[in-house]
Structure formats: structure tokens, C-alpha cells
Amino acid sequence: MTPVVRARDLVQTYAVRRGLLRAAAKLQAVRGVSLEIAPGQTLAVVGESGSGKSTLGRMIGLIEKPLTGELELDGADAIKRASGTAARLRRTVQFVFQNPYGSLNPRKKIGAILTEPLIINTDLTRKDRIAKAQDMMARVGLRPEHYTRYPHMFSGGQRQRIAIARALILDPKLVVADEPISALDVSIQAQVLNLLADLQRDTGVAYLFISHDLTVVGHIAHNVLVLYLGVAVEQGPKTVIFDRPLHPYTQALLASTPVTTGTKRPRIVVKGEPPSPINPPPGCVFSTRCPYVTDRCRLERPATRVVAGRLVACHYAEKFLQTMSS
Amino acid sequence: MALLHISALSVEFPTANGALRAVDQVSFELEEGEVLGVVGESGSGKSVTMLALMGLVPIPGRVRAERMVFGGRDLLGISDRERRRLTGKDITMIFQDPTTSLNPCFTIGFQLTEALRVHERMDHKSARRHTIALLEQVGIPDAESRLKAFPHQLSGGMSQRVMIAMAIACNPRLLIADEPTTALDVTVQAQILELLQSLQRERGMALILITHNMGVVAEMARRIIVMYAGQIVEDRSAAGLFDAPEHPYTAALLAALPERGGIDGRLATIPGMIPGPYDRPMGCLFSPRCAYATEFSRRVPPELRAWQGGRIRCHYPLGDPQRAAKIAADQPALER
């Protein structure tokens with residue numbers, strides 16, 4: 001089956017002005033990330049602020065073009081777009097944003113918000129558009145009378161349902177969801193996570209799920225990509241990575257996440273904070289905070305390679321695996 | 001004697017359509033050196049309760065209480081002047097977003113020494129010495145040169161460390177931390193929690209940790225208060241609460257956590273939403289969303305009462321052996 005997304009070595013940099021007279025600096029947001037998502041699968045991109053996870057989502061969601069790299073959406077080249085494919089490509093990928101208060105136009109009724117994509121992208125008649133919008137509303141758990149209401153009349157959880165309905169109304173192959181539940185309360189988070197899972201089961205849509213919350217990722221994802229300073233330090237099936245994380249950063253992330261259940265893991269507290277993406281460390285990106293750092297790490301960027309069923313970029317991944325098994 | 005004693009605290013905000021009750025009859029005690037977690041969803045009144053304790057409820061909010069005593073001093077009849085002497089010294093508070101809690105116009109050093117000069121009447125030199133020691137204690141490297149830094153030159157984690165240094169400057173007996181790590185990254189969150197925990201132990205100060213993150217309180221607090229719609233619904237030891245919650249709301253909240261997995265990959269959910277000011281139910285405030293609501297609980301609000309070594313506000317606690325019979329006798333509510 002053709003993957004919904006195939007990305008190779010995506011790179012994105014931004015020029016950041018630092019004062020009036022100084023030259024603009026180069027911020028390396030994403031530094032060569034490759035990924036693939038199969039239909040009906042969820043890839044979770046995990047990382048802290050400044051890791052480039054939103055930039056990665058925006059490139060795959062066609063909001064911005066990568067500086068270099070290859071990107072295929074549903075088998076079609078999304079960078080050197082053949083004429084006439086641009087509109088079709090945009091229909092294959094849709095977005096759900098973090099803040100449902102900012103992502104819905106306050107002056108439009110829900111009906112208008114949901115039918116607008118159909119006006120632009122399809123030849124449906126007005127009657128069919130309304131029918132489709134109402135069908136979509138029912139599927140995300142909104143009532144028919146909500147059709148004529150404005151966004152401010154809804155709670156945060158309901159607004160996120162509207163945003164999800166809008167994303168799915170064109171039957172996309174992929175939805176990029178950028179922290180879709182982090183603005184919601186716990187009980188509402190659970191409702192939205194269930195909705196996303198139901199819709200995936202019914203429509204076969206794939207998700208690129210961007211999140212900083214590992215408990216959520218552990219619940220929803222099939223595959224996980226751990227991003228640090230624009231580099232994918234570890235990526236592979238969720239169970240493989242959660243059971244036996246090999247990159248020290250993944251280990252630290254999992255150990256730092258507070259949970260209410262089970263035995264408490266010894267908290268590996270990594271020191272300091274992520275360095276600025278304007279001048280990342282020359283060797284391994286995590287070398288400034290890694291508890292196992294050696295001179296080699298500071299000088300030589302580790303190669304990304306397959307170790308025990310996942311891709312990992314750490315000089316000592318094989319060693320960690322040995323000590324864990326013995 | 002308890003360090004803090006609050007009974008029947010209510011906070012109301014007048015609106016065009018009548019009073020909005022943000023905090024409703026909240027009572028609790030806190031011992032010297034105790035770590036208390038207060039959890040609840042947005043709108044549960046957890047932050048406003050603490051603002052009332054600090055005397056920071058914004059106008060036109062009305063604060064009423066039967067008793068509010070801190071360290072033997074009555075906080076209700078106190079003058080503004082006396083209260084200012086207390087807050088910032090014996091009771092201090094840190095907030096969610098450290099970058100907006102610091103004044104952008106003054107250096108870190110100035111803002112840190114202010115508390116010492118005002119409350120401890122230190123001179124400039126000894127305040128400065130003391131401040132450097134404080135910054136080192138909260139893990140800020142190269143403390144002396146940091147004194148001249150402005151808040152925008154610090155990262156979020158560093159700003160929160162500065163806030164903590166400011167809060168502990170005068171050796172408070174109680175530190176209230178309102179969502180102290182919500183704005184921070186996971187690895188930095190772990191550092192700040194570790195710091196709060198070690199400072200609390202070293203100094204023996206009491207700590208109230210307000211958060212919506214169940215994992216954070218599970219790892220930090222010995223005792224937990226769960227709030228819902230302005231009321232305390234459960235108050236119990238952390239171990240007991242997470243293993244065997246007694247209130248249906250607490251149980252539902254825990255079941256909704258993704259880490260608890262759910263059945264077949266589906267998470268348990270709580271239908272409906274927290275009642276707003278205009279649709280407050282007559283009986284138990286949770287009854288419209290409760291799986292065990294009865295005709296009786298919809299009519300008669302439960303009192304907060306002692307239960308299994310803690311307190312609970314529910315007619316039918318989950319650990320009550322006669323529970324099923326009681327629910328049957330009170331006629332289960334047909335629809336939610």
C-alpha cells in the first residue's frame with residue numbers, strides 16, 4: 001500500500017533578526033527528518049518546545065515548503081507539484097490546531113465553517129453540502145441545532161469537535177493534529193481522544209499527532225518519532241520505544257513524565273534546558289544535557305541506524321541494549 | 001495546632017445576572033510542613049480559594065468565611081497593612097506563567113532583594129549576599145552575574161527558579177504553588193518539582209500544590225483535595241485516593257487518564273460539563289454527570305463529611321458496603 005506520507009531529509013531553517021545592526025542568524029528548526037505514515041496509522045511526534053515538531057507538521061501539512069528534502073503525499077510529489085495536483089494534494093491533508101478558541105472564525109456560524117471547504121474544493125450542490133456538513137456534525141457528536149450557532153456559544157471540547165469535523169469533511173488521507181487536546185480539561189481530553197480513535201477506525205484516516213504529553217502518545221500512537229533540536233533521535237513502533245527506550249533523551253522523557261499508576265520509575269533528571277536552535281551543539285544534539293556524554297558525542301554526530309527494531313541516533317545505543325538485556 | 005485553618009470559605013463575584021459562586025463552603029486544615037495537593041478541572045475554584053487565602057481576590061469579588069486562621073492569627077479581621085506584612089513573608093505564592101509574574105522593567109537582582117529589604121529590613125549589601133545564596137540554592141548557575149539580568153533574558157525554567165527563590169527568600173511557613181510547571185517542558189518540569197520537593201524537606205515549610213495534572217500530585221503530595229464546581233468533593237491521603245477513590249467524580253477523573261488505558265483502547269469519559277453559574281443543580285453538583293445519581297441525590301445536596309480517614313461529599317461513597325442498597329432505596333435516576 002502506498003504510504004500516505006513519505007518524507008526524506010526534510011530541512012527547514014528560518015532567518016531570525018537579532019537587533020538592528022547585527023546580521024540575521026540562521027535558526028535550524030528541522031535538520032533532516034525522514035518519516036513514513038501508512039493509511040489508518042498514527043505517528044506521534046514528541047518533543048519539547050523548540051524541537052521543531054510544529055515546523056515538521058506544517059511542512060507535511062503543506063503550510064510551508066521545506067528548504068530541502070523530498071515529500072510525497074499519497075504517492076504524489078508535493079514539492080515539485082505537477083500542474084493541477086496542488087488542489088488535490090491540499091485535499092489529502094488537513095489540520096487540527098491546538099487552540100480551538102483561535103482556530104475558528106468567530107463571525108461565522110458552524111454551518112458556514114463546515115461548508116466552506118466543500119464550496120472551494122468540490123462541485124457539490126448547496127443541498128448536498130448542507131447534508132454532508134450535518135452528517136459530519138453527527139459523527140463528531142454535535143447536535144443538528146448547532147448548525148446555526150456561532151463558535152463562542154461552545155465549550156472548548158465542543159469547539160475542538162467542530163475543528164475535527166472541518167478537518168475531516170473533505171475525506172483527507174491525513175490529518176495533522178498539532179497538540180489538539182492540550183488546551184482541554186482531563187475529562188474532555190478523553191472524549192476527544194476517543195473521537196479521534198473512532199473516526200480513524202471508520203474512515204481509515206492517518207494522523208500525524210504532535211504532542212508533548214507522553215501519556216497521551218502512549219495511548220493513541222502506533223509509531224513514535226522523538227524530536228530534539230530538529231533531529232529525530234529515536235523513531236519506531238510505540239511499544240518498542242516505550243518498553244525499551246534506547247536514546248538517553250527518550251529515556252529521560254519517559255522517566256520525567258509524572259504518572260499516577262504503578263511503581264515509580266527512578267526519575268532521571270537531565271540537567272539544564274535545551275540549547276538554542278540558533279547554534280546547536282556540533283556533535284550529538286543531546287550532548288550538552290546527556291548523563292552519559294563522552295568526548296566522542298561532543299564532536300561526532302551519531303549516525304541514525306536500526307537497533308532492535310527502531311531507528312536511533314546515539315553512539316551507544318547498542319551498548320544500552322546490551323546492559324538492558326543482561 | 002494546625003498551621004492553617006479555613007472553615008466555610010466562599011467567594012462570590014457579582015454579575016449582571018446574580019452572584020457567581022466560584023468557591024462554595026470550602027473548609028480544610030493544613031499542618032506545619034505538610035504537602036497538600038489540590039486538583040480540579042478549570043472552573044473548579046482551586047485557584048480562587050488560594051487567592052482568597054492570600055487576600056488577592058480581585059474587586060468586586062466578595063470573600064466570606066467562618067474562620068480563616070494562619071499560624072494563630074485571624075486573617076479575617078486583619079488590616080491591609082498587617083496582611084501585607086504576612087503575605088510575601090510567611091505565606092508566599094508562585095504562579096503558572098513565570099515570565100509574566102516577573103516585572104520586565106527591573107533586574108532579577110532588584111526584584112529579589114525587594115522582599116528582603118521590605119520584610120527583613122536588610123541593608124543593600126547583606127540583601128545582595130543573601131540573594132546570591134538563594135539563587136545558588138534554586139540551582140541557577142553563575143548567580144552573581146545573573147543579578148543584573150532582566151527577565152526577558154531568562155528561559156521559562158530559569159524564570160520559575162527565580163520566582164521560587166523570591167518566594168522562599170523570607171523563609172515562609174507556607175508556599176502556595178499554582179500550576180508551577182504547566183508552562184514548562186517535561187524535563188524542566190521534573191527539575192522544578194525536584195527542587196520544590198527538596199526545598200520543602202530542607203526547610204520544613206508547608207506546600208500547597210494546585211494543579212490539574214494528576215501525575216504531578218501523585219508524585220509530590222501526601223494528601224490530596226479534589227475540587228469540583230467550587231466545592232471540595234474528596235479529601236484523602238494520596239495513596240488511598242489513587243488506589244481506591246471514594247467519590248464517583250474522582251474515580252471518573254482517574255479512569256479518563258490516558259495512562260490508565262481504558263477498555264479496548266477507549267478511555268472512560270465523563271458526559272456533560274461542569275455546571276455554569278446559571279445551571280447549578282439543586283442537589284449534588286455532580287449528579288447531572290454521575291453514573292450513580294438518584295432522585296434523592298438530585299434533590300438533596302450531600303454534606304462534606306468524615307469518611308474512611310478522609311472526607312467526602314457524596315451520599316454513596318464507592319467504598320460503602322451498603323451502597324447498592326442505598327442507591328436502590330433512593331431510586332436511581334433514569335436519565336442523565
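Miscellaneous remarks
- Residue among A:76, A:112 that is hydrophobic (A, V, I, L, M, F, W, C) and not assigned by TED's automatic domain parsing to the domain that holds residue A:160: A:76
- From the list B:235, B:185, the one residue that fits, being within 7 Å of another protein chain (Cβ to nearest Cβ) and either within 21 Å of the chain's Cα centre (by Cα) or β-branched (Val, Ile, Thr) (or both), is B:185.
- Scanning region B:242-269 for residues that are within 8 Å of chain A (Cβ to nearest Cβ) and within 22 Å of residue B:300 (Cβ to Cβ) returns a single hit, B:252.
- Restricting attention to region B:280-296, the residues being within 14 Å of another protein chain (Cβ to nearest Cβ) and part of a helix (DSSP H, G or I) number 2.
- Selected residue [within 11 Å of another protein chain (Cβ to nearest Cβ), of a type outside the set (S, T, N, Q), part of a loop (DSSP other than H, G, I, E, B) and touching a strand residue (DSSP E or B) at 6+ places or on another chain (Cβ under 8 Å)] from A:280, A:245, A:274, A:258: A:274
- When restricted to residues that are in contact with a Ser or Thr (Cβ under 6 Å, 6 or more places away or on another chain) and of a type in the set (A, V, I, L, M, F, W, C), region B:237-272 contains 3.
- Residues within region B:224-263 that are under 18 Å from residue A:215 (Cβ atoms) and of a type in the set (D, E, K, R), tallied: 2
- Which numbered condition residue A:250 misses (of (1) under 30 Å from residue B:181 (Cα atoms); (2) in contact (Cβ under 8 Å) with a residue 40 or more places away in the chain): (2)
- Residue match in region A:245-262 (condition: loosely packed, with under 13 Cβ neighbours inside 10 Å and at pLDDT below 85): yes
- Candidate set from region B:42-86 (those that are in contact with a helix residue (DSSP H, G or I) (Cβ under 9 Å, 6 or more places away or on another chain) and of a type in the set (Gly, Ala, Ser)); member that is farthest from residue B:276 (Cα to Cα): B:71
- Condition broken by residue A:172, with the remaining ones in (1) away from chain B (no Cβ under 14 Å); (2) closer than 20 Å to residue A:61 by Cα; (3) in a helix (DSSP H, G or I) satisfied: (3)
- Residues located in region B:164-191, provided they are farther than 21 Å from residue B:3 by Cα and surrounded by fewer than 20 Cβ atoms within 10 Å (Cβ to Cβ): B:179, B:182, B:183
- Here residue A:303 meets each of (1) in contact (Cβ under 8 Å) with a residue 12 or more places away in the chain; (2) assigned to a loop (DSSP other than H, G, I, E, B); (3) more than 9 Å from chain B (Cβ to nearest Cβ) with one exception, condition (1).
The rows are residues; the columns are (1) of a type outside the set (Asp, Glu); (2) within 16 Å of residue B:199 (Cβ to Cβ); (3) within 14 Å of chain A (Cβ to nearest Cβ).
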residue	(1), (2), (3)
B:113	yes, no, no
B:134	yes, yes, no
B:139	yes, yes, yes
B:142	no, no, yes
B:149	yes, no, no
B:155	yes, no, yes
B:163	yes, yes, no
B:166	yes, yes, no
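The values are calculated or read from the model by the stated rules, or taken from the named source; none is laboratory data. Please read all numbers here as calculations on a predicted model, not as lab measurements. No Cβ is skipped: glycine too gets one built from the backbone with ideal geometry, and neighbour counts run over all protein chains shown.
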